[in-house]
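First up is the structure itself, then whatever we jot down about it.
The values are calculated or read from the model by the stated rules, or taken from the named source; none is laboratory data. All figures in this text were calculated on a predicted structure; none of them were measured in a lab. Don't worry about glycine lacking a Cβ; one is built from the backbone with ideal geometry, like all the others, and counts go over all protein chains shown.
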Amino acid sequence: MSIYSEAPWACVYCEQPTEFGSGKFVNRMPADHYHALPDGTTYEYRDGYACAECMVIDCDRCDKSIPIDEDIGIEEVYGEDWLSIVDRSEFDDGVWKVHLECLTPAEKTLYDATQEREA
């Protein structure tokens, strides 16, 4: 067994504990990762959990971090059948994932209409 698959269930990225009482238990996610070791030539396979802080992604428009499940892609703007509406998987300016506040006014209008329709 490794420290990633037994208590304190260290995050496979930052090695902080994700066990109950650590403050990172509720939002931890199952994850695996090939981690580069300090020598730069060796990789270690890690299988266990990742903490929410390590699972954020960067906004393609403002480069700030987007928390888990708060990113907006073209599918959230155009709805479930987005591929039949726009034949691409990114916004007009080529970005993939953004914050809600980074949507253009036109995208925000479409997003609001889609959310209301699919609610």
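With respect to Arg46, determine if the residue is over 23 Å from Glu15 (Cα atoms) and of a type in the set (Lys, Arg).
Details: over 23 Å from Glu15 (Cα atoms): no; of a type in the set (Lys, Arg): yes.
Judged against the criteria, Arg46 is not a match.
Of the residues that sit in region 66-88 and are touching an Asp or Glu at 6+ places or on another chain (Cβ under 7 Å) and in a helix (DSSP H, G or I), which one is farthest from Tyr111 (Cα to Cα)?
Trp82
Considering every residue within region 4-14, establish whether at least one is assigned to a strand (DSSP E or B), acidic (Asp, Glu) and loosely packed, with under 13 Cβ neighbours inside 10 Å.
no
Determine which single condition Asp63 fails, assuming it passes every other condition in (1) in a loop (DSSP other than H, G, I, E, B); (2) more than 11 Å from the chain's Cα centre (by Cα); (3) on the phi < 0 side of the Ramachandran plot; (4) not assigned by TED's automatic domain parsing to the domain that holds Cys14.
Against the list (1) in a loop (DSSP other than H, G, I, E, B); (2) more than 11 Å from the chain's Cα centre (by Cα); (3) on the phi < 0 side of the Ramachandran plot; (4) not assigned by TED's automatic domain parsing to the domain that holds Cys14, Asp63 comes up short only on (3).
Consider Val86 carefully, then state whether it is modelled with pLDDT under 85, in the same structural domain as Arg61 (by TED's automatic domain parsing) and either crowded, with 18+ Cβ neighbours inside 10 Å or closer than 18 Å to Asp60 by Cβ (or both).
Yes, satisfied.
Starting from region 7-20, take each residue that is closer than 15 Å to Ala52 by Cβ and free of Cβ contacts under 8 Å to residues at least 24 places away in the same chain and list its partners that are acidic (Asp, Glu) and in a loop (DSSP other than H, G, I, E, B), counting only C-beta distances under 9 angstrom and pairs at least six apart or across chains.
none
For region 89-108, which positions are surrounded by 12 or more Cβ atoms within 10 Å (Cβ to Cβ), in a helix (DSSP H, G or I) and out of contact with any Leu (no Cβ under 9 Å at 6 or more places or on another chain)?
Result: Leu100, Cys102, Glu107.
Report every pair of residues separated by at least 6 positions or lying on different chains whose Cβ atoms are under 9 Å apart, first residue within region 96-118 and farther than 21 Å from Asp58 by Cα and not assigned by TED's automatic domain parsing to the domain that holds Gly79, second in a helix (DSSP H, G or I) and of a type outside the set (D, E, K, R).
Short answer, once both residue conditions are applied: none.
Output the residues belonging to region 21-56 that are under 17 Å from Pro67 (Cβ atoms), in contact (Cβ under 8 Å) with a residue 12 or more places away in the chain and part of a loop (DSSP other than H, G, I, E, B).
Lys24, Asn27, Arg28, Cys51, Val56
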